[in-house]
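Structure record follows, encoded as structure tokens.
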Amino acid sequence: MKPPPFDYYDPSSLEEGLQLISTLDEAKLLAGGQSLMPMLNMRYLAPQSIVDLNRIEELRFCRSEDSSVVIGAMTTQRDLAASPLIREQLPLLVEALSHVGHLQTRTRGTLGGSICHLDPAAELPVAALALEATLQVRSAKEAREIAMGDFPTFYMTPDIMPAEILTEITFPLHAAGTGYAFEEFARRHGDFAIISVAVSLSLEGGQVTYARVAVGGAGSVPQRARLLEDALVGARPEDSVLDEAVRLSTDIEYIADVHATEEYRRHLFFVLARRALTRAARQAASES
Amino acid sequence: MSTDMDKRRRRQIQVTVNGQSVRREVDVRLTVADFIRHELFLTGTHLGCEHGVCGACTILVDDRAVRSCLMLAVQADGAEIRTVESLAQGDTAHPLQEAFQDHHGLQCGYCTAGILMTLVDFLANNPTPEESELKNALSGNLCRCTGYQNIFSAAKDGAERLRIEEHSDDDIRR
Amino acid sequence: MTYVGSRHTRIEDEALLRGEGRFIDDIHLPGMLECAFVRSTVAHARLRAVDMEAARHAPGVVAVLGLNELLPHLASERLPLGFALEAIEGEVTPFVLAKEEVCFVGEAIAVVVAENRYLAEDAAALVNIDMDILPAVSDAANALVDAPLAHTEKESNRLKEIKQCYGDTNEAFKRAAHVCSLSLKQERGAAHPIECRGIVAHYDSPGDQLNVWSSTQMPHEVRALLAKTLGIDEERIRVVVPDVGGGFGAKFLMYPEEAVLACATRLLDRPLKWIEDRREHFLSAIQARTQFWNVEIAIDKNGKILGVRGHVTHDQGAYTPQGFNLPYNASVAMPGPYVVPAYDLTVDVVETNRPPTIPVRGAGYPEATFAMERLLDVAARDSGLDRAEIRRLNLISVEQIPYEKPLKTRSGSTVKYDSGDYQTCQTMALEMIGYHQFGHRQQTAKEQGQYLGIGIANGIKGTGRGPFESALVRVGRSGDVTVYTGATAMGQGLKTVFTQIAADALGSHPGSIRIVAGDTGTISLGQGGFASRQTVTAGSAVHLAAVNIRKKALHVASHLLEVPEEDLSIMDGRIYITDSPSDSVTLAELAEALAGAPGYALPADVEPGLEAQIHFSPPDLVYSNTTHAVEVEVSPNTGVTTIHRYVVANDCGRMINPTLVEGQIHGGVVHGIGNALFEQMIFDENAQPLTTNFGDYLLPTITEVPSIEITHMESPSPLNPLGVKGVGESGVVPTAAVIVSAIEDALSPWGIRINEYPVTPMLVVDLITRAEKARESIG
């Protein structure tokens, strides 16, 4: 299981990288390599070129801005989980990270790489969706912003052109009174999610004023549970309300594979969404 | 002198491996695992799956545990690599190696190097882990022989020995 | 100081911990080339053309070879049948390389030989295969009913029928108070040692000697089979086993790849290496099962077993490299440690277009135990008896031991349980887990919405399989002792165990003893490592050979020291007059004397040399026994089973090294947990494997497994001088049975029956959902 031959480039600046990929056909970007390298080793793909982003230090950062946190796409999962800024400001992301792979994979795996790879069972795209992240994608010519919700176009296919690089991800921060939870079902610790649910929920005066629920592992792309969100807003997060809201979530797409049938995924979604909502609501109540 | 074409397929790299500086010309697609095993003949690190699940190939790159089957040798240019061969100091075994021997923490030994290097990283950053944290740290290393029980005892004991060593180093420094 | 019985630290560890092990891929020979195999991507097809031209011209390629290129250098296009006890009708063994018809996904069609593995794989992708796809049979359940032929030249997919029959089952079932039937499915699983297979072959042409290093469990058998395949004298082949990163059955046979490399190295006159990668292991290494058991048990009104009967369909896969050990063992092992007065089991061994199956750890005993233990659980429920009680009632009692069953082992001898106290063993396990207090725990937990369950299961394992194993013990002039053996190490600590045995027998210090295993160049006959046999067979051989040397040493020393033998003692390589210790002679001096010096006369009745060779033939299998008990919690929401406690009461006779015994049990139990909860090779209806990597096929990791509590019994076997029994497989024998039993117990509020494994969370949720729907439609 050795990789096929390819041309290798390792630009040392973003500008160099952007120029480079604007000239190449069939280039795959190499971020953490924890998804791309297995695919190369198994020869599931044989790109003409590999452009290694690991020398572009300007893409590794975490910084606080007005009411948001901006993270460079090449920031490693390990550094994110250890970052005091992220731990304080984006606890949902940190909770999601506790389910992402293993110590060894988080050393090199990146936030941007996971978001661009869009494995349906990956945790970070789901957390980014629930947090309503905005992605900055750049080419040599321009930069554009995409909402995380608009980023997946198809199974493992992001809205990113061959000559573009995801450079940073912006997470808006919420006011006090926001609770969060990340629930996942996987067969073993660190495995990809069969179902994951990320919840970000705000309460005011005991009522839900804001709810974002993202689901991973269910369908071919991370999904927002919009019917569920609609059912929550304006309501008090009591057990019967949450039960009913989850029951109304009939808009989730489910797939089947060797790990689970559609029915089982649906069943798990109901179980996990319920748990996540309870936890997030409890936390929001204690925050406000 | 390499042409541009060559530079896309072959590169000169300089890596510090177990404290020694090494210079080689390598194919860009050569993995770090194959580089250390077949170029440098450091065969203590093993390949179990080549798709990043079994952890047998775990080494330290700049003091952090990495799956060496998922990294290209050219990516290690300028980095410091540590493999299992760096643990013992001459005749003196590393505390983790002692612990593994005392607790029958290995049988065929094929997964062991990867587990030792994972623990070196993890315990350096988490010297007093909870049991669940220690298990989570080892969840990325597969073993088919031991059933993990003695690996866990060895890891706990190894953590304790490292703490003692750390304290006695402190004493010496004082 | 007695070494046998002590928790002696392993001598293998230091080198392995330092990364100084020498596994197959660590071997580099000058001028060595690397190989990659071209494999079939469909399960069944007729090969029309294999175009190797483009591959031959790829960079770094030295040769691309198919069966046609190898045939002039082969005595046979197929591998000979391994460990052939009885001839098998028809052509069933794998081809050296595919001939006209490929019969499973992963079957090797051609080999690329190149400067390195990267280039070899590049070229392999250029080999163009033109094939006509044929219908494939994937599911063994249909193989005899309405399925395509796995091999078009055959008339049926039935390979063999194995029948075990004694007593009058018709009568038994007629007069039964309860008859309980089950249909069970035991899914395909695989061995998956963390080190895959590998071989280095080097033909030394000036010496006309073929040297082979193979990550195998059986070097002598590999040598014999290579000799037959290549048509050359066995004495011109040397097979050496390097350090092996686990076997578990996957390395317990000779594979086509070994024959290919051995042949190609002679053809090309270059050293060759092939290292299997994990994907290849998923596709082309042997697997175990699938099996379908339709069985029933008849019990009387007191819960005593009257008879057991049924039918098994066993999926042999596309080829039979080695006979029908697994299904045969299963058919004989089913009655287990119980008194079963009448028994009638038929096993249909069928071919499919899936990879070949041979024994993986457990070798049919886990499968048989699963069936028997599930039947006992159902019988308990139907008759109102407690599960432990029905077992106690039917276990062979210690007074009945040795106990003969009217069944024959593969070698033709009668199944006879030599020693063991099964009821005490079960009692110990029940006490450890607090079985009799469990009802209360279960009830309290249920009130808090927790579903706990408990399971108990018994297993036996025939160990120490013959026909023999070899040991040659030699004392050198330095006084150091070298033990050569046909036994093979694969992580179990064989060298440590034999060192302990030899140290006690010889009175030598362990530090002066070296074990050399797995090299056909050092000892001419051997069998290898499988079926939990080596401590019994090789251990006994080592012991007896060492005892012979001790006797000879005392004899010669008595002559040299001029005292009767009874006046002598031996310790740490020195023989001394007990009452006058400074009068002594060392083993080194004896070895020197016995090596001869011109003009020096040896005692008249003494042969030169201080060495002894023994081939120990065990008179019969020796049977270890074990009882497992487990407490689980099942989450009805997610279907997840969490093991809270796992206890093992184990009897493997006399333990040479209890620490190593426990390590084997740990490993076996966790493999069993893998079988019970996680591992399943899934194929589609075209026999296309769907689980071909470690993300799809799940091995247990440290976070899924419990701590295993072990208590030992030692019922020495009378059938070998050490009183030992094997333990390598005991851990996996009753494991799936006990876990499924506990899960069923946890789900008893729903009345769920579980008749298959792995018991995935999805299966549990599905069963609960269906049970609830059924209840609704009734109520």
Next item on the list: Sort B:Thr128, C:Thr369, A:Thr134 so that the residue with the fewest other Cβ atoms within 10 Å of its own Cβ comes first and the one with the most comes last.
Entry: B:Thr128, A:Thr134, C:Thr369
Next item on the list: Could you tell me the distance between the Cα centroids of the stretch C:667-699 and the stretch C:350-420, to the nearest Å?
Entry: 24 Å
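Let me confirm one metric for peptide A:34-45, namely the mean number of other chain beta-carbon atoms within 10 Å of its residues' beta-carbons.
Per residue, the average neighbour count from other chains is 5.
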Next item on the list: Compute the Kirkwood hydrodynamic radius of chain B, taking the inverse of the mean of 1/r over all pairs of distinct Cα atoms, and give it in Å to one decimal.
Entry: 17.0 Å
Item checked: Value in Å of the Kirkwood radius, where the stretch C:578-660 supplies the Cα pairs that are averaged -> 20.0 Å
Next item on the list: Stick to Cα atoms and the Kirkwood definition of Rh, then tell me Rg/Rh for the stretch A:57-172.
Entry: 0.93
Next item on the list: With unit charges on the beta carbon (Lys/Arg positive, Asp/Glu negative), name the residue among C:Val585, C:His559, C:Val606 whose Cα is farthest towards the positive pole of the charge dipole of the stretch C:537-614.
Entry: C:Val606
Check: So what's Rg/Rh here for the stretch B:4-86, counting alpha carbon atoms and using the Kirkwood radius for Rh?
Finding: 0.95
Check: If you place +1 on the Cβ of every Lys and Arg, -1 on the Cβ of every Asp and Glu, and leave all else neutral, what size is the dipole of the stretch C:531-644 about its Cα centre, to the nearest 20 Debye?
Finding: 440 debye
Next item on the list: Would you mind working out the magnitude of the charge dipole of the protein assembly as shown relative to its Cα centre, with +1 at each Lys and Arg C-beta and -1 at each Asp and Glu C-beta, to the nearest 20 Debye?
Entry: 1340 debye
Checklist line | Distance histogram for chain A (every C-alpha pair counted, 10 angstrom bins, percent rounded to whole numbers) | finding: 7, 29, 34, 21, 8, 1, 0
Notebook entry, point to check: Among the lysines, which have Cα under 29 Å from the Cα of C:Lys461 when same-chain residues fewer than 8 positions away are ignored?
Noted result: C:Lys160, C:Lys163, C:Lys185, C:Lys251, C:Lys304, C:Lys405, C:Lys408, C:Lys416, C:Lys495, C:Lys725
Notebook entry, point to check: With Cβ to Cβ distances under 15 Å as the rule, what net charge do the other residues near C:Ile401 carry (K, R +1; D, E -1)?
Noted result: -4
Check: Does the stretch B:95-173 come out rounded, prolate or oblate, given a ≥ b ≥ c as the square roots of the eigenvalues of its C-alpha gyration tensor, rounded meaning a/c under 1.5 and, failing that, prolate meaning a/b above b/c?
Finding: prolate
Note to self: Please compute the volume of the convex hull spanned by the alpha-carbon atoms of the stretch C:273-381 and report it per residue in Å³.
What the structure shows: 109 Å³
Notebook entry, point to check: For the stretch B:59-157, what's the relative contact order in percent, using C-alpha pairs closer than 8 Å and at least 6 residues apart?
Noted result: 33 percent
Next item on the list: Mind computing the radius of gyration and Dmax over the alpha-carbon atoms of the stretch A:161-275? Å is fine for both.
Entry: 15.6, 50
Notebook entry, point to check: Taking only the alpha-carbon positions of the stretch A:7-52 and ignoring solvent, what does the Debye formula give for the base-10 log of I(q)/I(0) at q = 0.21, 0.24, 0.26 Å⁻¹?
Noted result: -0.68, -0.85, -0.95
Next item on the list: Express in whole angstrom the spacing between the alpha-carbon centres of the stretch C:211-284 and the stretch C:574-622.
Entry: 38 Å
Notebook entry, point to check: From the residues A:Pro4, C:Ile162, C:Val727, which one has its Cα farthest along the dipole of the protein assembly as shown in the positive direction, the dipole being from +1 and -1 charges on Cβ of Lys/Arg and Asp/Glu about the Cα centre?
Noted result: C:Ile162
Next item on the list: Could you work out how far the C-alpha centroid of the stretch C:426-453 sits from that of the stretch C:53-78, in angstrom?
Entry: 63 Å
Check: In whole Å, what are the Cα extents of chain C along the three principal axes, biggest one first?
Finding: 101, 74, 48
Checklist line | Within chain A, helix-based [θ] at 222 nm, where runs of 4 or more DSSP H residues each add -39,500 (n - 2.57), nearest 500 | finding: -9500 deg cm²/dmol
Margin query: Let me check I have the definition right: for the stretch C:6-77, take the eigenvalues of the Cα gyration tensor, multiply each by 5, take square roots. What are those semi-axes in whole Å, largest first?
Written below: 40, 18, 14
Check: How large is the helix-only mean residue ellipticity at 222 nm for chain B, computed as the sum of -39500 (n - 2.57) over DSSP H runs with n ≥ 4, divided by its residue count, in deg cm²/dmol to the nearest 500?
Finding: -11000 deg cm²/dmol
Checklist line | For the stretch C:587-740, size of Cβ-based charge dipole, Lys and Arg +1, Asp and Glu -1, in debye | finding: 300 debye
Item checked: Two-decimal Rg/Rh across the stretch A:137-219, once Rg and the Kirkwood Rh are taken from alpha-carbon atoms -> 1.06
Margin query: Ranking request for peptides C:653-662, C:381-390: highest mean number of other beta-carbon atoms within 10 Å first, then the rest in descending order.
Written below: C:653-662, C:381-390
Notebook entry, point to check: With a 10 Å Cβ neighbour count serving as the proxy for reagent exposure, in which order, fewest first, do C:Ile297, C:Ile454, C:Ile27 appear?
Noted result: C:Ile27, C:Ile454, C:Ile297
Check: Per 10 Å bin from zero, what fraction in whole % of the C-alpha pairs of the stretch C:455-611 is there, up to the bin with the longest pair?
Finding: 11, 36, 29, 16, 6, 2, 0, 0
Checklist line | At q = 0.04, 0.05, 0.09 Å⁻¹, base-10 log of I(q)/I(0) for the protein assembly as shown (Debye sum, equal scatterers on each alpha carbon) | finding: -0.23, -0.37, -1.22
Next item on the list: Go through A:Val126, A:Gly149, A:Ala163 and say which Cα lies farthest out towards the positive end of the charge dipole of the stretch A:103-200; charges sit on Cβ, +1 for Lys and Arg, -1 for Asp and Glu.
Entry: A:Ala163
Notebook entry, point to check: Roughly what % antiparallel, to the nearest 5, for the DSSP beta bridges in the protein assembly as shown?
Noted result: 80 percent
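All of the numbers you see were taken from the coordinates with simple rules; none came from a lab. Computed from a predicted model, the values in this text were never measured in an experiment. Positions of Cβ are generated from backbone atoms using ideal geometry, with glycine treated the same way; all protein chains shown enter the neighbour counts.
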